[in-house]
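These notes concern the structure reproduced below.
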Amino acid sequence: MAHIPAATLGNKNKKHFLGVPAPLGYVAGVGRGATGFTTRSDIGPARDANDVSDDRHAPPAAKRKKKEEEEEDDEDLNDSNYDEFSGYSGSLFSKDPYDKDDAEADAIYESIDKRMDEKRKEYREKRLKEDLERYRQERPKIQQQFSDLKRNLIAVSEDEWANLPEVGDSRNKKQRNPRAEKFTPLPDSVLSRNLGGESATAIDGRSGLASMIPGVATPGMLTPSGDLDLRKIGQARNTLMNVKLSQVSDSVAGQTVVDPKGYLTDLQSMIPTYGGDINDIKKARMLLKSVRETNPYHPPAWIASARLEEVTGKLQMARNLIMRGCEQNPQSEDLWLEAARLQPPDTAKGVIAQAARRIPTSVRIWIKAADLETEPKAKRRVFRKALEHIPNSVRLWKAAVEMENPEDAKILLSRAVECCGTSVELWLALARLETYENARKVLNKAREKIPTDRQIWTTAAKLEEANGNIHMVEKIIDRALSSLSANGVEINRDQWLQEAIEAEKSGAIKCCQAIVRAVIATGIDEEDRKQTWIDDAENCAKEGAFECARAVYSYALTEFPSKKSIWLRAAYFEKNHGTRESLEALLQKAVAHCPQSEVLWLMGAKSKWLAGDVPAARGILSLAFQANPNSEDIWLAAVKLESENAEYERARRLLAKARASAPTPRVMMKSAKLEWALDNLDEALSLLEDAVKVFPEFAKLWMMKGQIEEQKELLERAAESYNAGLKRCPNSIPLWLLLAALEEKRNLLTKARSVLERGRLKNAKNALLWLAAIRIEIRAGMKDMANTLMARALQDCPNAGELWAESIFLEARPQRKTKSVDALKKCEHDPHVLLAVSKLFWSERKLQKCRDWFNRTIKIDPDFGDAWAYFYKFELQHGTEQQQQELIDRCNAAEPKHGEEWCKVSKNIANWCFKTEDVLKAVVRNLPTPI
């Protein structure tokens, strides 16, 4: 090892900072708490002249002075002293001289502040007063709480005052009896303590605990081996408690019995009725007293004073006040009525009698007098006395008439209409009570007295209709309109239509129809008539006035006899609200005016067919052929009529004629379908092969051809048919689905996936193709792949209800509810999502919710057959027979046509004759119960 000189070692160990100038602001020793200082012997500071100044080593006085200056500056200029309007607090210019201009400016500002303060003074004092009152109300003083009790001390007699016990009596009594034993109760913590780590039932008499229990350890009586039984102590304590309770429940004299429930009830009754501040009551009394004294002829002041006393529980004072008010204001009916209300029933009669003497023309007082009577005879006497004083009061006449029997009421009303000749109600009431002849006279007099009221005219029309004079009804309504117009009354169309609705509800059908015919065209522009009348008919139907709606349609059809839309609306109205006869009669008129309308012909034929009158239906269709010789719909309707009635040869002949005269794709399809249904597969295939040559763009022909070949187990030919059809109809989704299902049936999953992939490329954003691909993976047991496809599908079709409904049941049970919420956010009104939610509630056994959601689903889309099927299966399990039958009736009325499960049954050629109810029950048999 080479020798290293000592100097070299010394240089190696030398610190790198030695000999280097100190950093800026460095003070030696400050890191360990040392501070720099100067002495008198020092000539200058302890730093270099170039160092940054550091005031930490300045003299204390200098530091203090500098700190005060900084604080003063901060106080002037910091953010807390700055105000948006007044600036910094204090004066920023205090160092400048204060001259005459400054004094003048200060004086001006002071006067302005004083003026503003005076303007706000009233508001500020009012606000302060309200805050103080609110505070006093929330936190009343003890003095205020007991002021009413202190006031009641004036009623205490001298003997009662002398017998009041002193505060310290009970305590002094114990002190005067030194022999009385003093017991210190043993804490429960001692008894429950685990002595010696085990549950102890006895205490050693020698322990200190024993001295705490009376009778266990007394001086001179220590028992070294004595044990204390804690169970006996507990029993003794319970016995003592029972004794004390018995003493409370029944006093020594045996007169005071305490009922705990009754005691609590009495405590509730002691709560004052008014919970406000007593000072508020005092102030209110003073104010109301001042008002009464200032103006004793102001009835509201007396009423307010009485109600104040009533609220505070001083009912007698309230009665006295209100009676004084009645003396001061004998002509105020409000005061008398308030007095009668405050008095007990017997006294109230006297008060109201006095009021009737003072104010004999007050209707309200007489009505109150009648109300106070309990016997009908007395009430009638009061009303008759009142009518002597006020013969022109309609209210009194009506009240009096209501108390009488029909004969006496008729006499009263005959007098009433003399006294109150302008009251329509009285005239109409009298007319209702009279015979037919007398009622006509009464109504004629009423028209003379009141020539501007329409109710009298409509009542007259109803009267004539009720007595069989139908021809007079329309005359009366026409005369009513002319008479009212002559007297300056505006004919309000809406009011008259409402009058017609009321007439129909009262059973006057002819009257309502006459009113509609008379006013329906009033005040309508020529170009708005059609739509206005259609709206009127719909509004009448909504209110249940079907005869009015029928009259509107009838009038509209007379004005527009060739309008097919009005005939259709009228026909649908009769279908929903009329009878079969009325519908057929209307359709006969409709086809006479619109012979080119195929729908009207078909509705008539269907109505006859549903009624079982097949020959009549054939007759209608033959007439329809004459009017529309090459109509496809009529041809197919005739074929359906014959095939539904098992007249297959007739149907074949009709189809042959149709193919010859009107060879349309639908006619070709129906021809092949009939042969397919009759199991003539070869004939059906022959027809389809000819059809696809003529109509290659009609996808249903290719679909039927492939399905028949599948039925004949010709799977290769079926695949060729589907592929050929897809070349011609690449946008036919059912064709893609049929081809994929066929490949899956042949166990060619890869090919099936490929078919659906090609379908999605040709038809972007199609939910049904995505759904088919997902279900293929599920059936193949590839759930992970199905979830991946579902995620992609929802990205591609975010608003597809079919996908969201499927995704709910792809999740595990705990996550289904969350998924359903997401689905409802995206597709709130989609029937597939609503059906999935209904099934989810079914699986959770929430039956009422499930039923509500099923109803919501079929209400949104009545054509969705799957919803009806699931709902019916639910009712079969959890509903009554009545609910099941009601659902079947609703389904038959809706006639659903769509839905995956529904179409599997309805489109199956073996079920081609099924009615709606048959399809519903067949679908239910194949449905699984949600789990």
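A few comments on the model shown:
- Full-stretch length increase - Arg381, Glu689 - with 0.36 nm per residue and alpha-carbon distance subtracted: 101.0 nm
- Rg and Dmax of the stretch 278-420, based on Cα coordinates, read 18.2, 62 Å.
- Taking a straight Cα-Cα cut-off under 22 Å and skipping sequence neighbours fewer than 8 places away in the same chain, the lysines within cross-link reach of Lys445 are Lys398, Lys410, Lys462, Lys475.
- Proximal lysines relative to Lys150, as straight alpha-carbon distance under 19 Å, when same-chain residues fewer than 8 apart are discounted: Lys141, Lys282, Lys283, Lys314
- Among the listed pairs Lys575/Lys921; Lys530/Lys563; Lys700/Lys751; Lys826/Lys873; Lys575/Lys608; Lys505/Lys542, a Cα-Cα separation exceeding 18 Å is found for Lys575/Lys921; Lys700/Lys751; Lys826/Lys873.
- Legend: calculated FRET efficiency, Ser754 to Glu901, from the Cβ-Cβ distance at R0 = 25 Å, rounded to 0.05, equals 0.40.
- Cβ-derived FRET efficiency at R0 35 Å, Leu153 paired with Ala236, nearest 0.05: 0.20
- Positive contributions from Lys and Arg (+1) and negative ones from Asp and Glu (-1), summed over other residues with Cβ under 14 Å from the Cβ of Glu293, come out at +4.
- Length released on extending from Ser482 to Glu402, taking residue separation times 0.36 nm less the Cα-Cα span: 25.3 nm
- Note on Ala284 and Arg728: their simple-model spin labels are 9.3 nm apart, each label 7 Å out from Cα toward Cβ.
- Net lengthening on full extension, Lys349/Lys859 (0.36 nm per residue, minus Cα-Cα): 177.5 nm
- The order of the peptides 635-641, 756-762, 500-506 by mean Cβ neighbours within 10 Å, most packed first, is 635-641, 500-506, 756-762.
- Computed from label points 7 Å out along Cα-Cβ, the spacing between Lys657 and Met782 is 5.6 nm.
- Taking a Cβ cut-off of under 12 Å around Leu583, the surrounding Lys, Arg, Asp and Glu residues balance to a net charge of +3, with basic ones at +1 and acidic ones at -1.
- Spacing of the two label points (7 Å from each Cα toward its C-beta) at Gln795 and Asn747, in nm: 3.5
- Each part reduced to its alpha carbon centroid, the stretch 663-683 and the stretch 791-864 end up 39 Å apart.
- In the stretch 342-471, inverting the average of 1/r over every pair of distinct C-alpha atoms gives 16.1 Å as the Kirkwood radius.
Quick note: the coordinates plus some simple rules give every number you see, no bench work behind them. Predicted model, so just to flag it, every value in this text is computed and none were measured. Here the Cβ is made from the backbone with ideal geometry for all residues, glycine too, and neighbour counts use every protein chain on show.
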